[in-house]
Amino acid sequence: MPTVEEVPARLLLGSGPSPVPYRILKALSHPTVGHLDPAFGALQDDLAARLRAVMKTTNKVTFPLSATGSGGMQAMVDTLIAPGDRVVCGVHGAFGGRMADALGRAGADVVRVEQEWGRAIETERLIAEIGAGSTRAVFVVHGETSTGVAQPLDGLADAARAADALLLVDCVTSLAGHPLDLDAAGVDAAFSGTQKCLNVPPGLAPFTVGDRALDRLQKRSWYFDLQAMVDYWFADGPRAYHHTAPINMIYALHEGLRIVEEEGLQQRWERHAVAHEALREALGVLGFERFAPDGEQLSSLLALQIPEGLDDAAARGALLKDHGIEVSGGLGPFAGRAWRIGVMGEGARPEPQDRLVRAVARIGGGDEAAAIRALEEAWA
Ligand SMILES: *Cc1c(COP(=O)(O)O)cnc(C)c1O
């Protein structure tokens, strides 16, 4: 009969979850209090302020939904999209495809703007499609975790406003790892997750909604009733119970946001960019090649074509079994030929990357010393 103690520790360098630092595990194990305890309420207010700073927004309604990142996506659909709404949905990987699916199931008129995997969508194509009908919303994935591509947002907000449409964004993998200023980009609502660049275990979906989007509020979901959550998180008087907030996860997220503040958001973005390039250089020596062209890469996720002759499943199996390191394989058209390596928070540092590069060299062959030199030079 397995116990928790028998699950080994791993170095998590896949597409998420990412390495959880001890400080966050410690916050997670702090004694649970009630969800209406005034002391907890003070922590909630502070958390909301910290989340606004990391999302770079002044939106009052900025808080963690009690769900994983996918729950954030579902909440966005359920609260901001009505059946029949024309929604322009960028699809340049698996997560854009999931959103198109969720929108379709909710009865939206989904206009997919597709792009080949490994490239960003030309914003002109999205803008043209926004103007081609009475569009109610446009959605894009800012950090496509399936391909390691960052989607530019330039011009989308202006086009959306001109059409009286909302600009909606998935920033699950980009938040706190890749430059993103939600207010400057004119984003009306966005969702994220805790287990990528924030290094908090999976379980919450940071979520923000601005005033233009709040005017559209739908009440089709019972669980994701945004007004009920506003009445709990942002009540003028006593907080109203809707569902029991995941107290200890909120402790953990608060600690994760403190760590981001201590480093500084800008510095954190810069460190992720250096870490991405360092790992790309080192694994390049071992025959791996990035899919994203220069300028389209997502700092927090390195998606690489694996070298000719390397057995994907066997090599990832050996990494996990013999070296305790997790990396992710490819999805969809990238299955069997891509590795997706997280460059997320504590994973975006020289020591874990050194462990990974040495292990990959031992499994797949190649010049380990040269790869490590490339890693060290990029970090120097
Ligand atoms: C991980 C991820 C999600 C889904 O988050 P879950 O926490 O797994 O539900 C959504 N979008 C992107 C871009 C992601 O990387």
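Quickly run through region 263-280 and pick out the residues that are of a type outside the set (A, V, I, L, M) and either surrounded by 22 or more Cβ atoms within 10 Å (Cβ to Cβ) or in a helix (DSSP H, G or I) (or both).
First, pick out the residues of region 263-280 that are of a type outside the set (A, V, I, L, M): 263-264, 266-272, 276-277, 280.
Those that are of a type outside the set (A, V, I, L, M) and either surrounded by 22 or more Cβ atoms within 10 Å (Cβ to Cβ) or in a helix (DSSP H, G or I) (or both): 263, 266, 267, 268, 269, 270, 271, 272, 276, 277, 280.
Among the residues of region 20-59, the ones that are in contact (Cβ under 8 Å) with a residue 40 or more places away in the chain, aromatic (Phe, Trp, Tyr) and exposed (fewer than 14 other Cβ atoms within 10 Å of the Cβ) come to 0 in all. Taking each residue of region 131-144 that is surrounded by fewer than 24 Cβ atoms within 10 Å (Cβ to Cβ) and looking for partners that are among the basic types (Lys, Arg) with beta-carbon atoms closer than 9 Å, six or more apart or interchain, yields 133/86; 134/86; 135/86; 136/86; 136/216. Comparison of 134, 146 shows that the only residue that is in contact with a Lys or Arg (Cβ under 9 Å, 6 or more places away or on another chain) and either among the acidic types (Asp, Glu) or over 26 Å from residue 333 (Cβ atoms) (or both) is 134. Quick check, is residue 183 within 11 Å of the ligand (Cβ to nearest atom), charged (D, E, K, R) and farther than 22 Å from residue 84 by Cβ? For residue 183, the condition - within 11 Å of the ligand (Cβ to nearest atom), charged (D, E, K, R) and farther than 22 Å from residue 84 by Cβ - is not met.
For (1) more than 22 Å from residue 223 (Cβ to Cβ); (2) of a type in the set (S, T, N, Q), each residue gets a yes or a no:
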position	(1), (2)
31	yes, no
39	yes, no
62	no, yes
68	no, yes
75	no, no
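Tally up the residues in region 68-110 that are within 16 Å of the ligand (Cβ to nearest atom), surrounded by 21 or more Cβ atoms within 10 Å (Cβ to Cβ) and part of a loop (DSSP other than H, G, I, E, B), please. Residues flagged as within 16 Å of the ligand (Cβ to nearest atom), surrounded by 21 or more Cβ atoms within 10 Å (Cβ to Cβ) and part of a loop (DSSP other than H, G, I, E, B) within region 68-110 amount to 2. Considering only residues in region 281-305 that are part of a helix (DSSP H, G or I) and of a type outside the set (D, E, K, R), the one that is farthest from residue 13 (Cα to Cα) turns out to be 285.
Looking across region 189-199 at every residue that is in a loop (DSSP other than H, G, I, E, B) and within 11 Å of the ligand (Cβ to nearest atom), the one that is surrounded by the fewest Cβ atoms within 10 Å (Cβ to Cβ) is identified as 195. Contact map, region 345-356: first residue part of a helix (DSSP H, G or I), second residue aromatic (Phe, Trp, Tyr) and at pLDDT 95 or above, Cβ cut-off under 7 Å, separation 6 or more or different chains; pairs are 350/379. A single member of 308, 255 is over 17 Å from the mean Cα position of the chain (by Cα) and not in a helix (DSSP H, G or I), and it is 308. Looking across region 1-54, the residues that are touching a Ser or Thr at 6+ places or on another chain (Cβ under 8 Å) and away from the ligand (no atom under 16 Å from the Cβ) come down to 35, 48, 51, 52. Taking region 150-180 as the range and being over 12 Å from the mean Cα position of the chain (by Cα) and either in a helix (DSSP H, G or I) or within 13 Å of the ligand (Cβ to nearest atom) (or both) as the test, the residues that pass are 151, 156, 157, 158, 159, 160, 161, 162, 168. Per the listing 31, 2, the residue uniquely assigned to a loop (DSSP other than H, G, I, E, B), at negative phi and outside the structural domain of residue 165 (by TED's automatic domain parsing) is 2. For region 121-137, the condition of being of a type in the set (Ser, Thr, Tyr) and within 16 Å of the ligand (Cβ to nearest atom) holds for none of the residues.
Mind checking which residues of region 55-67 are within 16 Å of the ligand (Cβ to nearest atom) and either part of a helix (DSSP H, G or I) or under 17 Å from residue 188 (Cβ atoms) (or both)?
In the first step, residues of region 55-67 are kept if they are within 16 Å of the ligand (Cβ to nearest atom); the result is 55, 64-67.
Across region 55-67, the qualifying residues are 55, 65.
The values are calculated or read from the model by the stated rules, or taken from the named source; none is laboratory data. Every value quoted in this text rests on a predicted model; they were computed, and no experiment measured them. As a convention, Cβ positions derive from the backbone with ideal geometry for all residues, glycine included, and neighbour counts pool all protein chains shown.
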